[in-house]
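Note sheet for the following structure.
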Amino acid sequence: MFRLHAEYDTAGDQQHAINTLVDQLEGGQERCILLGVTGSGKTFAMAKVIERMQLPTLVLSHNKTLARQIWQEMSSLFPENSVEYFVSYYDYYQPEAYIPGRDLYIDKELQMNERIEQERFSTVASLVSRPDVITVGTVSTIYGLNPPEVFQQNHLRLFVGQASDPQEVVRNLVGLHYRRTNGEITRGGVRLRGEVMDVWMPSRDDPIRIRFDWDGIERIQVCEAVSWEVLDEFEEIWIHPKEFYMTSEERFKQALEDIQFELEGRIDLFESKDQSLEAHRLEQRTRFDLEMLNEVGSCKGVENYSMHFDGRSRGERSYCLLDFYSNNAELFHGGSDRFLVIMDESHVTLPQVGGMYGGDYSRKKNLIDFGFRLPSAYDNRPLRIDEFQELIPQMIYVSATPGERELRHIAEITGQEVPDGLMHVAGGGGAVKPESAKPESVQTMEEMLGNIEGIAKMEIRPTGLLDPKIEVRPTEGQVQDLLSEINERVQRNERVLVTVLTIKFAEEVSEYLERMGVKSHYLHSEIDTLERTEIIKALRVGHIDVIVGINLLREGLDIPEVSLVAIFDSDKQGFLRNERSLLQTIGRASRNSNGSVILYADSVSPAMEAAISQTVRRRKIQSKYNEENGIIPITIDKPLPKLGEETQDTISGVSGKGIGGGRRMVGKASRKKGIEGFARRFDLGVGIWNPTKSVLDNVSQPDWAESPNETIGIRESASKNEDEATIVRLQQEMIRAADRLDFERAAELRDRILKIQNPTN
């Protein structure tokens, strides 16, 4: 069923790790850990495990960019199987929110990307109809969907030779929410012309043409969307609903009554508290939604009423993609627990899953308290971490630096004694409160790994590449020292990554390097996803030699051209400079045979010591393996991307199927040609592409950056010129945010500008 296609096979310690994982899973172990260093081939190992286990699999990632990369790799490795991509609108668009302090209501983003919708439909349609499904998605998979039984029951099966009346088929499709049209057909539409019916399912790239004769269905054809050239023929077809949310007529009527009853009770509550504004606001909005539901069967934000349409009780979790996997396993694999979940970069993804519920509740609370939504909106929510862990029968945590939660979970699952150094960590994979507070001194990751058995490890790279060499240098004159190192790499046509603690310092360093003739660019959280992707592409093709960033230069950023990673202020203890963060950042230089790392610090922190110790230990193991097997390390050969290509696909989360692409595109917007047009479009670069006169002379780590989480980057004692330069930059970013319709971000930038202009307020 699952058949892997690859021009290469396992190497190094991959096979041993795969065998260990398969033995554990076949033995019924509920949770496993795969520790794979950067560049060890974790995705290929995942694919091998899927092939061995022959189970439908969900791969979770902490961000959509990395998820897209994994999806592309899996698509090329499993061309005969259904490899799907599943993200939420929340990954791209602004959800509904209310900020009381500013009396600012942010409406739900109306724009819906057609590609996202298509991929989501394709995923659920495959899960209810095929046994060989691999889905790569973000943690948005824990958000609500209709029950799989409803989606499966509300479909139309047609086959050649079936005695069907075309008018009756159209009526059935309209009942599945398809739009009938006589003109041009689009996704979710149906058209009947004589004895020929065209229907275009939301999950497909191409429409279906059904030909009737006197006896019923004569032919079922797949056609090209423009020319209507026949591409393929089917003997039967399964047509799924146009909408995700389906319900029976009886359930629909009951839901409207329940919404009305809840509304009246909530209005009475507001009026009893003398909150007439909130009562009026809620009544106006909800009655409008009820009218829309009565007239057209849907309304904006209909998902907030999902509890009533599903018939769930208050507090009961909503259905999600994991329920579709359970249903698929029961239909095709002999039991609802016969599926597998792989959590990539688990040290980041697992905490993200745990935090989704709290963030959603906080946003909903303001909406409900101030009369924008009924309390039932609470029940349109992501899973809690305990619900998430309970739904998954077997899961593999994959990371180069497994987190404390995963390590404790594996110890609990396998019946091992939980080490004392993990007693302060939530148990059950984040689902159970810890027994004690976090101690002042904690064990290193290496010490924890030594106390827990059964962890599958891949520390030897198939390419023979070693962990990078590490140097520790003083912070005095760190920027000037780095400049000479950068010039050496530029002469060898290699790239450099630099990590700092603050946004302002990242920009200062980048501007200084530009002034010194180095093509550089900063990368931080205030740059949107699309621009980040293009900046990284520009680095790879050589239009940028250096990227200066903060915490974005870590997981999933695999750039073989990078031979040097510089980490400023490495000894500053905190999230950005703990052992795992340092190891992840160091790993960015491990895909180049000349890889090296410079740690700028005035002392050696415990985190630095632990990270250096691990790196040195791995280098010894890797070097010994290479000597014994006659392996010469070779820089990874990865095809270069094209600037400005696939930007629309990045927005939707996909860029073609596998290596060769495929007919998965919906349509592309026109683009400017050439590097100059590309640079203008994204406001990319300083100096050469975006000349600026605001280059700052101060290029030392700011004294005010006491917290590694500092993001504002404005000194209290900043000079007038510096303030003016900051205001100009923030105004430019505010304008760009407004152009993107990201009004919340624009408002934040506006408030920051006002704070600088009026420091006493």
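Summary of values
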| quantity | calculated |
| --- | --- |
| Efficiency of FRET from Cβ geometry, S248 and S603, R₀ 56 Å, rounded to 0.05 | 0.25 |
| Relative contact order computed over region 1-156 (Cα-Cα under 8 Å; 6+ residues apart), in percent | 29 percent |
| Options L282, H240, A255, ranked by Cα towards positive dipole end of region 240-282, top entry (Cβ charges) | H240 |
| Listed peptides 630-636, 25-31, 200-206 by packing density, highest first (mean Cβ within 10 Å) | 200-206, 25-31, 630-636 |
| Taking Y325, Y143 and counting other C-beta atoms within 10 Å, the order from fewest to most | Y143, Y325 |
| V136 long-range amide H proximity, modeled H, under 5 Å | V59, E84, Y85, F86 |
| Karplus 3J(HN,Hα) series, Hz, for region 423-435 with 6.51 cos²θ - 1.76 cosθ + 1.60 (x for Gly, Pro) | 5, 7, 9, 4, x, x, x, x, 8, 10, 4, x, 7 |
| Farthest positive-ward along region 360-399 dipole, Cα basis, beta-carbon charges - from Q389, Y378, S399 | Y378 |
| Rounded FRET efficiency, nearest 0.05, which uses the C-beta distance separating Q573 from K620 and R0 of 25 Å | 0.40 |
| ³J(HN,Hα), Karplus 6.51/-1.76/1.60, whole Hz, each residue of region 274-289, x for Gly, Pro | 6, 10, 5, 4, 5, 5, 5, 4, 5, 5, 4, 5, 6, 5, 4, 4 |
| Estimated dipole of region 111-154 in Debye, rounded to 20 [Cβ of Lys and Arg +1, of Asp and Glu -1, Cα centre] | 40 debye |
| Highest to lowest packing among 594-605, 7-18, scored as the average C-beta count within 10 Å | 594-605, 7-18 |
| For region 84-225: relative contact order, % (alpha-carbon pairs under 8 angstrom, 6 or more apart) | 19 percent |
| Only Lys, Arg (+1) and Asp, Glu (-1) charged, at Cβ; region 403-454 dipole about Cα centre in debye | 260 debye |
| Label-point separation in nm, R180 to Q162, each point 7 Å along Cα→Cβ | 1.8 nm |
| Low-density loop cleavage sites - GluC sites (Glu not before Pro) in region 401-491, where at most 14 other Cβ are within 10 Å (DSSP) | E417, E435, E440, E453, E476 |
| Kirkwood Rh, angstrom, region 411-547 [1 / mean 1/r, Cα pairs] | 19.3 Å |
| Built amide H within the under 5 Å cut-off of D569, gap 5+ | Y600 |
| Region 52-65 - phi-based ³J(HN,Hα) in whole Hz, Karplus 6.51/-1.76/1.60, Gly and Pro as x | 5, 7, 6, 10, x, 9, 10, 9, 9, 10, 8, 8, 5, 5 |
| Pair R52, E446: separation of 7 Å Cα→Cβ label points (nm) | 2.8 nm |
| Sequence of V136, V128 once ranked by neighbouring C-beta atoms within 10 Å, starting from the fewest | V128, V136 |
| Spin-label pair D369/E435, simplified geometry with 7 Å Cα→Cβ offset, distance in nm | 3.7 nm |
| Charge dipole (debye, nearest 20) of region 249-310; +1 at Cβ of Lys and Arg, -1 at Cβ of Asp and Glu | 200 debye |
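Coordinate-derived values only; no laboratory data. Note that the structure is predicted; figures quoted are calculated from it, not measured. Cβ: placed from backbone, ideal geometry, glycine included. Neighbour counts: every protein chain shown.
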